[in-house]
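What follows draws every value from the coordinates through simple rules; no lab data is involved. All values reported here derive from a predicted model rather than from experimental measurement. All Cβ positions, glycine included, derive from the backbone under ideal geometry; neighbour counts span all protein chains shown.
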Amino acid sequence: MPLDDIKLEPAYDAVGTHEELIRWSRAYCTRAVEQYGFTVDVDSVEWEVSTRAKRRAAAVKTPQIEHAKVGTTIDWETQTPDETVPTCTMSLSWRAFDSFGRDEWAATLRHELVHVEQFQAFGATDHGPAFKRRATAVDAPVRVRRFTDPKYVLTCTDCGDDVAYRYRDCKLVRNPSAYRSACCEADLSCERPDDGT
Ligand SMILES: [Zn+2]
Ligand SMILES: [Zn+2]
């Protein structure tokens, strides 16, 4: 998606469209490259927003480079017809952005920038020891929090507030009547949003 560089970056809390999310995220990454010393060419990154139900908050899609491996510097001049680093795509999950605060979103972007940095240097990227060292150095999580809708929502039967979210079966969802809500000391009801209940 071509974007006008002159447009001002929206405030994080004011981001309301896919284009604004891309603009904010790209501006953040441009700053982060400087601030954290990434060796990344942000101009060789394309951006997209995914609204599909994906569990990852963000992902970097790269072309497959034969024989490339992390740790072995790649010579792009001999590797590609264009003689330059191929573009990779930063794919952002709208639902993750919606549920993350600014700091967690920024840390997620730094995690993805480590992938871009590895790809641009080596033609490959992974979550191995070199990734871990780099992620730590740039204050990014080694694993981005898996983003998913909760499988179960437990609500207070008295006031109706959400009390807890669970992503898998557990004692609480198997037997909610054994627990009381902290807000009202009332029974809990357990719903599966997927079932439309
Ligand atoms: Zn990753
Ligand atoms: Zn309550």
Revision key, fill the gap. Least to most buried among CYS184, CYS29, by other C-beta atoms within 10 Å and fewest first, runs CYS184, CYS29
Review point. Placing +1 at every Lys and Arg Cβ and -1 at every Asp and Glu Cβ, with all other atoms neutral, what dipole size does the chain have around its Cα centre, in debye to the nearest 20?
Key: 980
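Place a +1 charge on the Cβ of each Lys and Arg in region 100-164 and a -1 charge on the Cβ of each Asp and Glu, then give the dipole magnitude about the Cα centre in debye, rounded to the nearest 20. It would help to have the intermediate numbers written out before the result.
Details: 9 positive and 10 negative charges, 90 e Å.
The calculation lands at about 440 debye.
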Review point. Rounded to the nearest 20 Debye, what is the dipole magnitude of region 152-195 about its Cα centre when Lys and Arg each give +1 and Asp and Glu each give -1 at the C-beta?
Key: 300
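Could you tell me the relative contact order of region 152-195? Use alpha-carbon pairs under 8 Å, at least six residues apart, and round to a whole percent.
Values: 72 pairs, mean separation 20.4, N = 44.
Once divided by the residue count of region 152-195, the mean separation gives 46 percent.
List nothing, just return the count: lysine pairs in region 39-197, 8 or more apart or interchain, with Cα separation under 21 Å. Mind showing how you got there, number by number?
On the way: LYS54/LYS151; LYS61/LYS69; LYS61/LYS132; LYS69/LYS132; LYS151/LYS171.
Close lysine pairs under the 21 Å cut-off: 5.
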Point to revise | Amide hydrogen neighbours beyond the local backbone of SER50, cut-off 5 Å, H modeled | key: LEU92, SER93, TRP94
